[in-house]
Amino acid sequence: MAVAAASLSHGLRFERGWRQILKETRVRKTRPSALKRSLEEAAMYQKILLAYDGSEQGKQALLECADLAKLTGAETHLLAVVRMPSGLFLAEGFIPENLLDEEKKRTEEVLREGTKKLTDMGFKAQGRIAFGEPIEEICSLAEEVSADLIVVGHQRRASMAARWWRSSVGSSLIEYAPCSVLIAMAAK
């Protein structure tokens, strides 16, 4: 309830900001460039972090991130995480170099693809690779860049048992995120 109230009050402040800008524009006949600058200052999100994995859900998240960045003029950061194979690490006591290199190359390609899509759409996107657990790395980078919003993709699970059995990065991220989280859902 407190979260909903905080979101609502933030949304109302945002709306009042737009109303005030429009009112000032009508009264003073503000030039278009000054109006654009005022609208960007009133934008709700100024820095967006997209956790990108190249999946269909990740691609949906990228499109939603692009829409928001265009609407708000936000700075965009992409993060791709190389997940450490913890089961193998615990069993063997080390991570084989070739396995880590393959995963790093795959993740670099995914990040390059995501960054290229955003730059082709006209955005200035900064990409970064991290090694570790996705939730920890996403939260860490969000704090580092002072992100206002984290965007992640999510795959719907067909059955209740599947949802219960496997945890979701999106649902766990909500618990630890230092800012708002947008979970993009791919079409059914």
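I'm trying to understand the selection: among the residues of segment 113-139, which are surrounded by 14 or more Cβ atoms within 10 Å (Cβ to Cβ), part of a helix (DSSP H, G or I) and of a type outside the set (D, E, K, R)?
Gly114, Thr115, Leu118, Pro134, Ile135, Ile138, Cys139
Output yes when any residue across segment 82-97 is under 27 Å from Gly132 (Cα atoms), part of a strand (DSSP E or B), modelled with pLDDT of 60 or more and in contact with a Ser or Thr (Cβ under 8 Å, 6 or more places away or on another chain), and no when none is. Full working, then the answer.
Here is the first cut: in segment 82-97, the residues under 27 Å from Gly132 (Cα atoms) are 82-97.
Narrowing the set further to residues that are part of a strand (DSSP E or B) leaves 82.
Filter once more, so that each one left must be modelled with pLDDT of 60 or more: 82.
Pick out the ones that are also in contact with a Ser or Thr (Cβ under 8 Å, 6 or more places away or on another chain) and you get 82.
Yes, because at least one residue in segment 82-97 is under 27 Å from Gly132 (Cα atoms), part of a strand (DSSP E or B), modelled with pLDDT of 60 or more and in contact with a Ser or Thr (Cβ under 8 Å, 6 or more places away or on another chain).
Does Ser168 satisfy the condition of being at pLDDT below 70 and closer than 27 Å to Leu71 by Cβ? I'd like the intermediate steps shown before the answer.
On the way: at pLDDT below 70: yes; closer than 27 Å to Leu71 by Cβ: yes.
Judged against the criteria, Ser168 is a match.
Give the residues of segment 140-149 that are part of a loop (DSSP other than H, G, I, E, B) and hydrophobic (A, V, I, L, M, F, W, C), sorted by residue number.
Looking only at segment 140-149, we keep the residues that are part of a loop (DSSP other than H, G, I, E, B), and these are 146-148.
Ala147, the sole residue that qualifies.
The values are calculated or read from the model by the stated rules, or taken from the named source; none is laboratory data. Just so we're clear, the structure is a prediction, and the values are computed from it rather than from any experiment. Note that we place each Cβ from the backbone using ideal geometry, even for glycine, and neighbour counts take in every protein chain shown.
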